[in-house]
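Notes follow once the structure below has been shown.
The values are calculated or read from the model by the stated rules, or taken from the named source; none is laboratory data. A quick note: this is a predicted structure, and the numbers were derived from the prediction, not measured. Here the Cβ is made from the backbone with ideal geometry for all residues, glycine too, and neighbour counts use every protein chain on show.
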Amino acid sequence: MNRESEWFRIELIKGSRRISNFCWAFILLSGALGFFFVGISSYFGKDLIPFLPYQQIVFIPQGLVMCFYGIAGFFFSFYLWCTILWNIGSGYNQFDKQKGSACIFRWGFPGENRRIRIQFLIKDIQAIRMEVQEGFYPRRILCMKIKGQPDVPLTCIGENSTLREVEEKAAELARFSQISIEGF
């Protein structure tokens with residue numbers, strides 16, 4: 001949901017709470033638990049989960065390796081569930097013509113730098129830049145070039161926008177801020 005008026009513009013950025021992340025976290029957790037329980041079943045010599053047989057798996061080395069993969073998968077899944085819970089990467093892009101300021105805000109991991117906030121003057125923005133890479137996994141990112149600063153990304157890396165959507169977003173922002181666009 002974006003809000004725009006003649007003097008003020010705010011774009012909400014979706015973080016890690018996406019359907020694809022929920023699916024991957026669930027699949028990873030299910031697989032990790034499956035590996036772990038088959039490894040433990042081979043150690044105890046009985047099926048802990050009826051549909052995951054252990055009979056052909058000797059605990060050393062296969063069962064032990066399966067337990068290791070299960071534990072490693074559990075930690076990766078835990079990491080994914082934490083990023084979903086904390087909604088890492090969400091935030092907003094705010095542009096205010098009356099004050100002549102812009103603000104980029106994102107949520108990070110808990111700790112001292114949980115809130116990531118970058119403020120600058122609109123007059124310091126040199127251009128809106130588009131990074132477009134086509135191929136198997138296309139990448140389309142909007143960035144702002146700011147005087148004396150590294151480029152600031154405006155869109156999420158995992159956001160699967162079409163080329164037309166990215167171009168329209170860049171044109172709207174360039175029109176609003178009265179700056180040029182690079183990278184077409």
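Below are the figures for this structure:
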{"quantity": "Region 60-100, subset under 23 Å from K46 (Cα atoms) and β-branched (V, I, T), residue modelled with the lowest pLDDT", "calculated": "I60"}
{"quantity": "Any hit, region 9-19, residues being closer than 30 Å to V152 by Cα and without any contact (Cβ under 8 Å) to a residue 12 or more places away in the chain", "calculated": "yes"}
{"quantity": "All positions within region 42-63 that are part of a helix (DSSP H, G or I) and either of a type in the set (K, R) or surrounded by 14 or more Cβ atoms within 10 Å (Cβ to Cβ) (or both)", "calculated": "S42, Y43, F59, Q62, G63"}
{"quantity": "Given (1) surrounded by 14 or more Cβ atoms within 10 Å (Cβ to Cβ); (2) within 30 Å of E6 (Cα to Cα); (3) not aromatic (F, W, Y), index of the condition G100 fails", "calculated": "(1)"}
{"quantity": "Filtered residue count, region 13-32, keeping only those that are surrounded by 13 or more Cβ atoms within 10 Å (Cβ to Cβ) and modelled with pLDDT under 95", "calculated": "7"}
{"quantity": "Hits in region 124-166 - residues which are in a helix (DSSP H, G or I) and either in contact (Cβ under 8 Å) with a residue 60 or more places away in the chain or surrounded by 17 or more Cβ atoms within 10 Å (Cβ to Cβ) (or both)", "calculated": "V166"}
{"quantity": "Every residue from region 5-23 that is part of a helix (DSSP H, G or I) and more than 13 Å from the chain's Cα centre (by Cα)", "calculated": "C23"}
{"quantity": "Residue tally, condition among the hydrophobic types (A, V, I, L, M, F, W, C), more than 30 Å from L85 (Cα to Cα) and not assigned by TED's automatic domain parsing to the domain that holds G73, over region 4-54", "calculated": "2"}
{"quantity": "All positions within region 77-101 that are in contact with a helix residue (DSSP H, G or I) (Cβ under 6 Å, 6 or more places away or on another chain) and in contact (Cβ under 8 Å) with a residue 40 or more places away in the chain", "calculated": "S77, L80, W81, I84"}
{"quantity": "Selected residue [more than 23 Å from S16 (Cα to Cα) and surrounded by 13 or more Cβ atoms within 10 Å (Cβ to Cβ)] from G73, G39, G91", "calculated": "G39"}
{"quantity": "Single unsatisfied condition, K169 versus (1) within 17 Å of I13 (Cβ to Cβ); (2) surrounded by fewer than 17 Cβ atoms within 10 Å (Cβ to Cβ); (3) not aliphatic (A, V, I, L, M)", "calculated": "(2)"}
{"quantity": "Single residue of region 172-182 satisfying the filter (surrounded by 13 or more Cβ atoms within 10 Å (Cβ to Cβ) and over 23 Å from the mean Cα position of the chain (by Cα)) that is farthest from C103 (Cα to Cα)", "calculated": "E182"}
{"quantity": "Failed condition for R164, given (1) within 19 Å of the chain's Cα centre (by Cα); (2) modelled with pLDDT of 85 or more; (3) basic (K, R)", "calculated": "(1)"}
{"quantity": "Lone unmet requirement of (1) closer than 30 Å to F36 by Cβ; (2) outside the structural domain of F36 (by TED's automatic domain parsing) for F76", "calculated": "(2)"}
